[in-house]
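Each remark here refers to the structure printed beneath this line.
The values are calculated or read from the model by the stated rules, or taken from the named source; none is laboratory data. Computed from a predicted model, the values in this text were never measured in an experiment. All Cβ positions, glycine included, derive from the backbone under ideal geometry; neighbour counts span all protein chains shown. To get the accessible areas, we keep the full protein, side chains included, count just its heavy atoms, and leave off ligands, DNA and RNA. Shrake-Rupley method; radii C 1.70, N 1.55, O 1.52, S 1.80 Å.
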Amino acid sequence: MSTSKGESGSSRGGYHHGELREALVAAGLSILEEGGDPSALGLREAARRAGVSAMAPYRHFPDKEALLAAVATVGFERLRAALEQADRGGGGQEAREALYAQGEAYVAFACAQPGLFRLMFAARSGGARPQALCEASAAAYAVLSDRVAALVPPTVAAEEALRSWALVHGIASLVIDGMVGDAVRTDSKAAAALAGRLLRLEPILG
């Protein structure tokens, strides 16, 4: 395989095969962590941060959308890990408390990484999402749906899981959009505590 400069911009940054893709995704994550705006994430800036030519990313990503999908995939993997850790809760916590803990972790994740969170759930044009992104998203949702399934009858488990997701996602969106106060928006622990209180409220209607 040729390693000429014309074929591979990655050699300029000292990357071996496959490492450049990881470096570009890492650069994308860094952009979101610093700016919090998915619109700032592009192939050119990712290449600059990775120390490679502007054309090098095209060896792994045909366009900006492909890079965004790869970064979003990592986001869902991180979210799944956060939900799993919350669900374990040190082991042996009551099932409903484990579900509440997941909700708190979900909101805390969004508050700590708002740019990544927005990207993960951004509407996409141009057809179906990549398989890896779909699988990562489904795996994160499965942590929630499995916990719900342990709490309710099978006939209502799917809708209860959707309702639970809608509730915590709504809280997370309100928090990162500053609709419940800047003090909460900038403090993931405060956001998680707010979510915990809301999730534990007894319904007064119906």
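Among the residues of the range 140-150, which ones are buried (at least 16 other Cβ atoms within 10 Å of the Cβ) and small (G, A, S)? Walk me through it before giving the result.
Step one: filter the range 140-150 for residues buried (at least 16 other Cβ atoms within 10 Å of the Cβ), giving 140-141, 143-145, 147-149.
Within the range 140-150, A140, S145, A149 qualify.
Considering only residues of the range 164-180 that are touching a helix residue (DSSP H, G or I) at 6+ places or on another chain (Cβ under 6 Å) and within 12 Å of L194 (Cβ to Cβ), which is modelled with the lowest pLDDT?
Top of the filtered list is V180.
I'm told G127 meets every condition in (1) closer than 23 Å to A40 by Cα; (2) at pLDDT below 95; (3) within 18 Å of the chain's Cα centre (by Cα) except one. Can you identify the failing condition by its number?
(3)
Has the range 135-151 got any residue that is at pLDDT 95 or above, of a type in the set (A, V, I, L, M, F, W, C), under 25 Å from E34 (Cα atoms) and touching a Ser or Thr at 6+ places or on another chain (Cβ under 6 Å)?
There is at least one residue in the range 135-151 that is at pLDDT 95 or above, of a type in the set (A, V, I, L, M, F, W, C), under 25 Å from E34 (Cα atoms) and touching a Ser or Thr at 6+ places or on another chain (Cβ under 6 Å).
Considering only residues of the range 114-128 that are part of a loop (DSSP other than H, G, I, E, B) and of a type outside the set (A, V, I, L, M), which is surrounded by the fewest Cβ atoms within 10 Å (Cβ to Cβ)?
S125
Y15 fails exactly one of the following numbered conditions: (1) outside any loop (DSSP other than H, G, I, E, B); (2) aromatic (F, W, Y); (3) at pLDDT below 95. What is the number of that condition?
(1)
Taking the condition of being aliphatic (A, V, I, L, M) and buried (at least 18 other Cβ atoms within 10 Å of the Cβ), how many residues in the range 129-139 meet it?
First, the residues of the range 129-139 that are aliphatic (A, V, I, L, M): 132-133, 136, 138-139.
Pick out the ones that are also buried (at least 18 other Cβ atoms within 10 Å of the Cβ) and you get 133, 136.
Number satisfying all stated conditions: 2.
As an exercise: evaluate S164 against (1) touching a Leu at 6+ places or on another chain (Cβ under 7 Å); (2) under 15 Å from A82 (Cβ atoms); (3) of a type in the set (S, T, N, Q) and give the number of the one condition it does not meet.
(2)
Being in a helix (DSSP H, G or I) and under 17 Å from P130 (Cβ atoms) is the filter; apply it to the range 30-45 and report the residue that is modelled with the lowest pLDDT.
Looking at residues that are in a helix (DSSP H, G or I) and under 17 Å from P130 (Cβ atoms), I get P38.
Every residue in the range 151-203 that is without any contact (Cβ under 8 Å) to a residue 24 or more places away in the chain, open to solvent by less than 60 Å² (accessible area, probe 1.4 Å) and not in a helix (DSSP H, G or I), please.
Those that are without any contact (Cβ under 8 Å) to a residue 24 or more places away in the chain, open to solvent by less than 60 Å² (accessible area, probe 1.4 Å) and not in a helix (DSSP H, G or I): V152, G178, G181.
Looking at (1) open to solvent by 20 Å² or more (accessible area, probe 1.4 Å); (2) modelled with pLDDT of 90 or more; (3) under 30 Å from E45 (Cβ atoms), which is the only condition E97 fails?
Checking E97 against (1) open to solvent by 20 Å² or more (accessible area, probe 1.4 Å); (2) modelled with pLDDT of 90 or more; (3) under 30 Å from E45 (Cβ atoms), the one that fails is (3).
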